[in-house]
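A short write-up of the structure that comes next.
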Amino acid sequence: MLQEIPIRYINPVFRPPSEAQSLILPLTNGCSWNKCTYCEMYTAPQKKFAIRDEQETLDSIRQLGEQFPGQIQRIFIGDGDAMVLSTRRLMTLLAAFREHLPQVRRISSYCLPRNVRNKSVQELTELREAGLTLAYVGAESGDDEVLQKVSKGESLESTRDALVKLGEAGITRSVMLLNGLGGKALSSQHAQNSARLANLTQPEFLATLVVSFPQGEARFRQGFPQWEALDQHGLFLEIEQLLQGLNLQRTVFRSDHASNWLVLKGTLGAEKQRLLAQVKQAIDSPQSARLRQGWQRGL
């Protein structure tokens, strides 16, 4: 008989693909910014941003330890950005994990650059030492014009600053970029400046997703009315330009999200030329490049 998990979820619930085996524990509901026009994750009325009651969360952690002793090894703390919480509150919750779920080996969270701005490297180091070891940062682009048009509320410099602080604190950084976000007109500068951001920060993980709008483009086009979507060929050219511009020492690169036509996996810079060769094949001879079919992209 299945046990009821002592966590109050407000659907829909999201997590990074690599957290498929993790317990998802929401510390907030929704996203503290929630103005990015490309993002549909937290636009539903029931996902209005709110910080969850601390005692409710502490009770959930205690009950999890009682019901699943020794079984939970990875935790993803949600929703859109648990790092908006104060360092004090995060430390209290991380201490509860250590007390009631001592077998947990990894705790991770989405992280908006704007919310790292209010935390010092010392505070971030304390959070890492308390168990928060991985942050997923949706940079989306390193180009300020693209970021402004999609209401990201960030710049290359603000994202760079956050990634550097996280790195100095020893928190592993998984950075996400959106292939096609700049459309046809801004594709080149989007690729070039995204590569620049990665080069300046040397994240441990770097991933690309293809921008998509399952609920339609109306919200996105309010701030970017002239946006023209890249076709498959254009997306490959943009990825090629990004890879050419990357000068990374040891970063795990992934372009394997369901939205991507071409699956790419490797370590940069050791496997840069192999990855470029795969992209070149997709550009020149897509029929032989083992691309995903449209129905396989799960959008």
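The values are calculated or read from the model by the stated rules, or taken from the named source; none is laboratory data. Because the structure is a prediction, the values reported are computed rather than measured. Cβ placement follows ideal geometry from the backbone for every residue including glycine, while neighbour counts extend to all protein chains displayed.
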The number of residues in region 177-211 that are within 15 Å of TYR110 (Cα to Cα), out of contact with any helix residue (DSSP H, G or I) (no Cβ under 8 Å at 6 or more places or on another chain) and buried (at least 19 other Cβ atoms within 10 Å of the Cβ) is 1
Quick one: GLU99 ticks every box in (1) surrounded by fewer than 22 Cβ atoms within 10 Å (Cβ to Cβ); (2) not in a helix (DSSP H, G or I) except a single one, so which number is it?
(2)
Look through region 102-119, keep the residues that are touching a Lys or Arg at 6+ places or on another chain (Cβ under 8 Å) and not in a strand (DSSP E or B), and return whichever of them is farthest from SER155 (Cα to Cα).
VAL104
Checking VAL150 against (1) within 21 Å of VAL84 (Cβ to Cβ); (2) out of contact with any Gly (no Cβ under 8 Å at 6 or more places or on another chain); (3) surrounded by 17 or more Cβ atoms within 10 Å (Cβ to Cβ), only one condition comes out false. Which one?
(2)
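If you check TRP227, TRP261, which single one turns out to be assigned to a loop (DSSP other than H, G, I, E, B), aromatic (Phe, Trp, Tyr), modelled with pLDDT under 95 and buried (at least 19 other Cβ atoms within 10 Å of the Cβ)?
Values: TRP227 fails: modelled with pLDDT under 95.
Of the residues listed, the single one that is assigned to a loop (DSSP other than H, G, I, E, B), aromatic (Phe, Trp, Tyr), modelled with pLDDT under 95 and buried (at least 19 other Cβ atoms within 10 Å of the Cβ) is TRP261.
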Could you tell me whether any residue of region 39-47 is without any contact (Cβ under 8 Å) to a residue 12 or more places away in the chain and over 25 Å from the mean Cα position of the chain (by Cα)?
no
Select, from ILE10, ILE24, ILE75, the only residue that is touching a strand residue (DSSP E or B) at 6+ places or on another chain (Cβ under 7 Å), surrounded by fewer than 20 Cβ atoms within 10 Å (Cβ to Cβ) and not in a loop (DSSP other than H, G, I, E, B).
ILE24
Looking at region 216-231, can you tell me whether even one residue there is over 25 Å from LYS149 (Cβ atoms) and among the hydrophobic types (A, V, I, L, M, F, W, C)?
no
